[in-house]
Amino acid sequence: MIDQVSGWLTLFDDGSADRTWAGPPEVKFMTDAVPPHPNFIDGVATADVTPTDCPKLRIYLPKRHEADPEKLPVLLHFHGGGFCISEPDWLMYYAVYTRLARECRAVVVSPYLRLAPEHRLPTAFDDGAAALRWVAAGGAGAGADSGRIFLIGDSSGGNIVHQVAVTAAAEGIPVAGAIPVHPGFCRSGRSRSEIENQETPFLTLDMMDKFLALALPEGATKDHPYTCPMGTAATLPELAPYLYCLAEEDLMWDTEIEFYEEMKGAGKEVELFVSRGVGHSFYLNKIAVEMDPVTAAQTAELFRRIKEFVNKHSVSV
């Protein structure tokens with residue numbers, strides 16, 4: 001072994017990586033894989049599909065309600081993990097995706113992204129764009145509306161949302177909206193919020209530094225546009241509307257806000273939603289969501305706001 005990243009990732013001399021959870025055993029269950037199930041469990045069925053022209057994907061399909069339209073919008077979600085860990089079938093994401101499918105009345109699609117360090121950026125962005133092309137071509141099935149696609153992703157997945165939204169605009173692929181949640185926007189130098197805000201199990205400075213060093217192109221720093229898109233807003237094409245979701249106590253708050261202000265200044269359509277009193281990716285902590293009233297309330301409000309945005313922009317384009 002040559003290094004370990006906060007219990008999430010072990011690196012070996014031969015360049016291989018072990019993503020078996022090595023932290024406290026009582027929380028390992030959140031990284032356990034949930035097998036696909038064609039039957040509806042708590043109102044959602046799941047399936048894994050392996051297209052020829054994009055990565056394997058996990059699909060979450062809500063059980064139809066009488067009030068549902070013939071076709072449901074699609075939430076194309078890119079998971080977080082610093083580009084180095086996580087899968088769309090992990091229990092903590094399964095809980096999020098099934099809830100999104102039920103509450104937003106949407107088909108949720110999440111690609112199994114190729115991970116760093118074996119696959120450095122821009123691989124994850126390429127996988128995200130390939131997944132979008134697949135969904136836009138009708139790959140998610142007859143019950144999914146390929147004219148109402150929303151890009152959504154958390155942490156490093158928020159970076160993917162932004163990159164894929166730019167690609168969609170450049171290629172003329174219709175996207176109804178983009179929802180970066182706590183995106184991994186940062187700089188090489190420490191921001192005030194990185195120094196003063198509390199670390200959480202889902203984001204420590206060690207994780208941020210090591211994951212991004214493993215994920216960015218060889219020789220690149222966190223000032224690379226993949227992780228530091230600040231200063232680029234004025235050069236971007238016409239983008240889909242953004243719902244930009246931040247957490248007040250996120251380590252990356254300062255740089256995330258900097259990007260938001262630049263987007264607004266450049267005339268982009270972007271709404272800001274802030275979760276108060278919580279940190280980075282708080283809603284992934286299944287234990288806290290179930291046991292802590294503040295986390296539970298902020299999670300419910302985040303999902304309510306996402307649903308509101310999807311409904312507002314849910315017109316076929």
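Rank Thr52, Thr227 by accessible area, highest first, at a 1.4 Å probe radius?
Thr52, Thr227
Would you kindly compute the Cα radius of gyration of the range 87-191 and its largest Cα-Cα separation (Dmax), both in Å?
Rg then Dmax for the range 87-191, in Å: 14.1, 48.
Just add up the charged neighbours of Pro111: K/R +1, D/E -1, any other residue whose Cβ is under 13 Å from the Cβ of Pro111.
Its environment carries a net charge of -2.
Would you mind checking the pairs Lys28/Lys210; Lys28/Lys307; Lys286/Lys307; Lys56/Lys268; Lys28/Lys71 and listing those with alpha carbons more than 28 angstrom apart?
Lys28/Lys307; Lys56/Lys268; Lys28/Lys71
Can you give the accessible area of Val49, probe radius 1.4 Å, in Å² rounded to 10?
Looks like 40 Å² after rounding.
Could you give the size of the charge dipole of the range 166-317 about its Cα centre, using +1 on the Cβ of each K and R and -1 on the Cβ of each D and E, expressed in debye and rounded to the nearest 20?
Here the size comes out at about 340 debye.
Rolling a 1.4 angstrom probe over the protein heavy atoms, how many square angstrom per residue are accessible across the chain?
Spelled out: the 1.4 Å probe surface of the chain, per residue, equals 40 Å².
What Rg and what Dmax come out for the range 1-101 when only alpha-carbon atoms are used, in angstroms?
16.6, 56
Can you tell me how the range 4-57 classifies by the Cα gyration tensor, rounded, prolate or oblate, using a/c under 1.5 as the rounded cut?
It is oblate, given that a/c is not under 1.5 and a/b is not larger than b/c.
How large is ³J(HN,Hα) for each residue in the range 103-115, as worked out from phi by the Karplus curve 6.51 cos²θ - 1.76 cosθ + 1.60 (θ = phi - 60°), to whole Hz, x for Gly and Pro?
7, 8, 6, 9, 7, 9, 10, 9, x, 7, 5, 6, 10
Out of all DSSP beta bridges with both ends in the chain, state the antiparallel percent to the nearest 5.
45
Could you tell me how many cubic angstrom of Cα convex hull volume the chain has per residue?
Residue-normalised Cα hull volume stands at 132 Å³.
Add +1 for every Lys or Arg and -1 for every Asp or Glu among the other residues with Cβ under 13 Å from the Cβ of Tyr93, and state the total.
Local charge sum for Tyr93: -1.
Could you please put Arg19, Arg64, Arg305 in sequence from largest to smallest accessible area, using a 1.4 Å probe?
Arg64, Arg19, Arg305
Please give the calculated 222 nm ellipticity per residue for the chain, where each DSSP H segment of at least 4 residues contributes -39500 (n - 2.57) and the sum is spread over every residue; nearest 500 deg cm²/dmol?
Computed ellipticity for the chain at 222 nm equals -10000 deg cm²/dmol.
Calculate the all-directions average of the projected area of the range 35-94's alpha-carbon convex hull, and give it in nm².
With the hull built on Cα positions only, its mean projection is 5.4 nm².
Divide, for the range 25-158, the radius of gyration over alpha carbons by 2.2 N^0.38 Å, where N is the residue count.
1.01
Enter the accessible area of Met30 (Å², nearest 10), with the probe set to 1.4 Å and all protein chains included.
20
With a 10 Å radius around each residue's Cβ, average the other Cβ atoms per peptide and rank 288-295, 275-282, highest first.
With the highest mean Cβ count within 10 Å placed first, the list reads 275-282, 288-295.
So how strong a dipole does the range 1-153 carry about its Cα centre when Lys and Arg Cβ are +1 and Asp and Glu Cβ are -1, to the nearest 20 debye?
Roughly 520 debye, rounded to the nearest 20.
With only Lys, Arg, Asp and Glu charged, each at its Cβ (+1 for the first two, -1 for the last two), find how big the charge dipole of the chain is about the Cα centre; round to the nearest 20 debye.
Magnitude of the dipole: close to 860 debye.
Accessible surface of Lys28 in the full protein assembly, 1.4 angstrom probe, to the nearest 10 Å²?
Its heavy atoms expose roughly 80 Å² to the probe.
From the C-alpha gyration tensor of the range 152-194, pull out the three semi-axes of the equivalent ellipsoid (sqrt of 5λ each), sorted largest to smallest, in whole Å.
Ellipsoid half-lengths, sorted descending, are 25, 11, 6 Å.
In a Gaussian network model over the chain where Cα atoms closer than 10 Å are linked, find which of Asp14, Asp53, Asp250 has the largest mean-square fluctuation.
Judging by the Gaussian network model, the answer is Asp14.
Provide Tyr94, Tyr242 ordered by accessible surface of protein heavy atoms (probe 1.4 Å), highest first.
Ranked list, largest accessible area first: Tyr94, Tyr242.
Express the relative contact order of the range 224-317 as a whole percentage, based on alpha carbon pairs under 8 Å and six or more residues apart in sequence.
26
Using square roots of five times the C-alpha gyration tensor eigenvalues, list the equivalent-ellipsoid semi-axes of the range 81-126 in whole Å, biggest first.
24, 11, 6
The values are calculated or read from the model by the stated rules, or taken from the named source; none is laboratory data. Computed from a prediction, not measured in an experiment: that's the story for all the values here. Using ideal geometry, Cβ is built from the backbone for each residue, glycine included, and neighbour counts are taken over all protein chains shown. Ligands, DNA and RNA are excluded from the accessible area calculation, which covers all protein heavy atoms including side chains. Shrake-Rupley method; radii C 1.70, N 1.55, O 1.52, S 1.80 Å.
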